[in-house]
Every structure is written in structure tokens, then in C-alpha cells.
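To start, the structure itself, in C-alpha cells.
The values are calculated or read from the model by the stated rules, or taken from the named source; none is laboratory data. Note that the coordinates shown come from a computational prediction; the quantities given were computed from them, not determined experimentally. Cβ placement follows ideal geometry from the backbone for every residue including glycine, while neighbour counts extend to all protein chains displayed.
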Amino acid sequence: MTQFELVEEKLSNGNTIVYKSVGGMYFHAETSLAVCNALNAARQSGKRIRVWLGDKLGKSWLDEHDVEGYVGRSGGRIKIPLLVSNSRSLGGGALLDHCIIKIKETRGAVTYIHPKFSMPEFSIVPADLEDYAETVLADGKVHARFRKVGQAQRWINRMRG
């Protein structure tokens, strides 16, 4: 079992965040050790990854942006994981590491998956708006529209990983 240290940081707005230190990076206290280890491994290997974010029950939020890149870490006393756009980047957005439900190497294996990982049921229907060819329904609700035939299926494939 991996040992970790808990650290509290008091924010200027009066809130407190509790982190755990694993492998030289600090993660939200609710982040599973499996996610911490997968992110540390991705940072050390330099492999590009894709992350899926979701709720505690493993249901995907269907995020499309800022979910692919290389794992870096911030500067300062508490070094949190960042998702940087390319291997030469020095900075990027902070990861909601406690909300990660799946991690996959862009050209490789799934390195973490939530035990109850789930995606909505997708279906493609004719578009309901002019200038669009297809609509993607997620669990029966409109989620995305596409101008060209075939784009909807490519989007679904990307979301599924």
C-alpha cells in the first residue's frame, strides 16, 4: 500500500483544500491512489493521455475540451498535476484529479478506469435544425449537432475512447 502525507492549504477566500502527496505531486484528498499512481506514471513516461471526467458514481460528464495532453506539475510548494497541451509546454490547466473516471494513453492502454465507469447511451438521428445533417442524443436528450454525415459517429467514437 502506498503511503501518503495529508497537507492543508488555506486559501485567501477562507476555504481550505486538503491534498495528499503521492510520488512528488499533490492530489485532492478524495483522489484515489490508483488515479494518483496513473498520473504520476504518465508524467514520468512522458506519454500523452486522454482523461474522462465524471461523478463519484463513474458516469461521464462528456467533456470534450482540455482533456488531452501531457501530465506536468505546477511550481510552488504544493505541486499539483497539470494537463499541458504539448511536450514543450511549461504550463497548463489544473486537473480535477478527484473527478477522473478514466485515463487512457493516446496511443496505448487504459491506465485507470473507475469500477463503475459508464457512458450515456448514444444514438444518431437526423438533425432538427437547418444546415445540420446529424444530431447525437445522449440518453435520449440532444447533446451535439453536426453539419456533415459521419461526424456524429466519429464524435461518439472519440467520446468512448
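Might you let me know whether region 118-131 holds any residue that is closer than 20 Å to Ala34 by Cα and either assigned to a strand (DSSP E or B) or assigned by TED's automatic domain parsing to the domain that holds Arg43 (or both)?
Yes: one or more hits.
Between Gly161, Gly92, Gly108, which is at pLDDT below 95 and in contact with a Leu (Cβ under 6 Å, 6 or more places away or on another chain)?
Checking each option against the conditions leaves just Gly92.
If Ile103 satisfies every condition in (1) β-branched (Val, Ile, Thr); (2) loosely packed, with under 14 Cβ neighbours inside 10 Å; (3) closer than 24 Å to Tyr19 by Cα but one, which is the exception?
In the conditions (1) β-branched (Val, Ile, Thr); (2) loosely packed, with under 14 Cβ neighbours inside 10 Å; (3) closer than 24 Å to Tyr19 by Cα, Ile103 misses (2) alone.
Restricting attention to region 48-79, which residues are at pLDDT below 95, part of a loop (DSSP other than H, G, I, E, B) and not charged (D, E, K, R)?
His65, Ser74, Gly75, Gly76, Ile78 - these are the residues of region 48-79 that are at pLDDT below 95, part of a loop (DSSP other than H, G, I, E, B) and not charged (D, E, K, R).
In this structure, is Ile101 closer than 29 Å to Leu6 by Cβ and assigned to a strand (DSSP E or B)?
Details: closer than 29 Å to Leu6 by Cβ: yes; assigned to a strand (DSSP E or B): yes.
Yes, satisfied.
Pick from Gly76, Gly91: which is assigned by TED's automatic domain parsing to the domain that holds Val22, surrounded by fewer than 13 Cβ atoms within 10 Å (Cβ to Cβ), in contact with a Ser or Thr (Cβ under 9 Å, 6 or more places away or on another chain) and more than 15 Å from Ala38 (Cα to Cα)?
Gly91
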